[in-house]
Amino acid sequence: MEYLDFELPIKELEEQLEKCQQIGEDSQVDVTSTCENITQKLEETKKNIYANLTAWQRVQMSRHPNRPYTLEHIASLTDNTFLELFGDRGVKDDKAMVGGLGKIDGQSFMIIGQQKGINTKMRQLRNFGMANPEGYRKALRLMKMAEKFNIPVLTLIDTPGAYPGLEAEERGQGEAIARNILEMCRLKVPIICAIIGEGASGGALGIGVGDRVYMMENSWYSVISPENCSSILWRSWAHKEQAAEALKLTSKDMSEHKLVDGVIPEPLGGIHRDKETGFKAVKEYILKGFNEIKDLSTEDLVAQRMDKYSKMGHYQE
């Protein structure tokens, strides 16, 4: 298990507990009382740390190296019944964007999401979860296929942003994301979106328009990352913590501003500490959201979705 900077007190106590238990096993000394005291202190420390996380610490949690990525979520949600589909029928298959058919408790879904790599080689293959235009066009192709066969769409969002390279711009990155937003607004099947990690900029919005949008407790959702915001405003990444607070990017902030429909709770310390409990919560929210909208007519479904997004924000004419 890897630990973030603010989790070091937890690491120290867990190491103390492990040593205490080892001493009890290797000797005839009764260390039960000592182990219980350390365990109690450990639980109190965890509750105190995780109940008072700053916005920047939430961002760090969303990037935790042990946090499960999209394909791991899909495998758990679908009990390994997922059939991946490939290619945008135009350029190539973008490995940063995955998609295909799977069943969740007997209900078929077209599942689409960004995939990061779990090691250096896989991160390069997946382009660190940053999709190119062909990734968004693949996602749109799968959504239109789902619409054709009346299959609901589920998107799992975890990206530091769309790929900003020159070749991506040459192939129409902005147009591809804008096209997805337009088509998702009027797609004639239910759309459930879940932000499971990072939800940055247009890279997230390209598959983020839905009838129900949920965020995991330790995820974030914003027009820009704290580091890039800091580099624009202060010409340095040194103010990233201040930027994170100002951006109001946490799940709590987004829920309070009614920009998401619910926050999926995570186990104490994050989903990477208890994946099965976290996966179960994600599944419950997905099915709950789907059951709320599955009986709506196509006209009502699209009208409610359009109305939902048109009400967001404050403006004057």
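Rounding to the nearest 20 debye, state how big the charge dipole of the chain is about its Cα centre with +1 on each Lys and Arg Cβ and -1 on each Asp and Glu Cβ. Walk me through the numbers on the way to the answer.
Numbers: 40 positive and 47 negative charges, 247 e Å.
Once rounded to the nearest 20, the dipole reads 1180 debye.
Taken along the Cα-to-beta-carbon direction at a fixed 7 Å, the label points for Ala51 and Arg63 span 2.8 nm.
At a probe radius of 1.4 angstrom, the accessible area of the chain per residue rounds to 50 square angstrom. Note on segment 136-263: with neighbouring protein chains present and a 1.4 Å probe, carbon and sulfur make up 55 percent of its accessible heavy-atom surface.
Report, in cubic angstrom per residue, the convex hull volume of the C-alpha atoms of segment 1-76.
Numbers: hull volume 9.3 nm³, N = 76.
With only Cα atoms used, segment 1-76 gives 122 Å³ per residue.
Per Stokes-Einstein, at 4 °C and 1.567 mPa s, what whole-number D in µm² s⁻¹ belongs to segment 1-130, with the Kirkwood radius over Cα pairs as the hydrodynamic radius? Value of D from the Cα-based Kirkwood radius: 70 µm²/s.
Only bridges whose two residues both fall in the chain count here: according to DSSP, what percent of them are antiparallel, nearest 5? It would help to have the intermediate numbers written out before the result.
On the way: 12 of 32 bridges.
Restricted to the chain, the bridges split so that about 40 percent are antiparallel.
Less than 5 angstrom separates the built amide H of Ile264 from those of Met215, Met216, Glu217, all sequence-distant by 5 or more or on a different chain. Above 19 Å, the calculated P(r) of segment 88-240 contains 53 percent of its Cα-Cα pairs.
Given R0 = 45 Å, the distance between the Cβ atoms of Gln242 and Lys188 translates into a calculated FRET efficiency of 0.55. When the Cα convex hull of segment 161-245 is projected onto planes of every orientation, the mean area is 6.6 nm². Volume per residue for the chain equals 164 cubic angstrom (convex hull of Cα atoms). Note on Lys248: aspartates and glutamates with a C-alpha under 15 Å away, same-chain residues under 8 apart excluded, are Glu198, Glu217, Glu227, Glu256. Each label point was placed 7 Å from the Cα along the Cα-to-Cβ direction; for Gln124 and Glu317 their separation is 5.4 nm.
Between beta-carbons, use under 10 Å as the cut-off and find the net charge around Gly87, counting Lys and Arg +1, Asp and Glu -1. Each step should come with its number before you reach the end.
Working: positive: Arg89, Lys92, Arg137, Lys138, Arg141; negative: Asp88, Asp93, Asp94, Glu134.
Overall, the nearby charge balance is +1.
One decimal place: the segment Asp79-Glu292 gains 74.4 nm when fully extended, by the rule 0.36 nm per residue minus the C-alpha distance. With the cut-off at under 19 Å, measuring from each backbone N in segment 1-20 to a point 7 Å along the Cα-to-Cβ line of Glu276 picks out 1. Relative to its residue count, segment 100-184 spans a Cα convex hull of 96 Å³ per residue.
Taking the radius of gyration and the Kirkwood hydrodynamic radius from Cα positions alone, what is the Rg/Rh ratio for segment 183-312, to two decimal places? Result: Rg/Rh = 1.02. The loop-placed trypsin sites (Lys or Arg not before Pro) in segment 4-92, going by DSSP, that have at most 14 neighbouring Cβ atoms within 10 Å of their Cβ come out as Arg89, Lys92. Rounded to the nearest 20, the size of the Cβ-charge dipole of segment 196-317 about its Cα centre is 200 debye, with Lys and Arg at +1 and Asp and Glu at -1.
The values are calculated or read from the model by the stated rules, or taken from the named source; none is laboratory data. Keep in mind it's a predicted model, so treat the numbers as computed, not measured. Because the Cβ atoms are built from the backbone with ideal geometry, glycine has one as well, and the counts that use them run over all protein chains shown. What goes into the accessible areas is simple: the full protein's heavy atoms, side chains included, and nothing from ligands, DNA or RNA. Shrake-Rupley method; radii C 1.70, N 1.55, O 1.52, S 1.80 Å.
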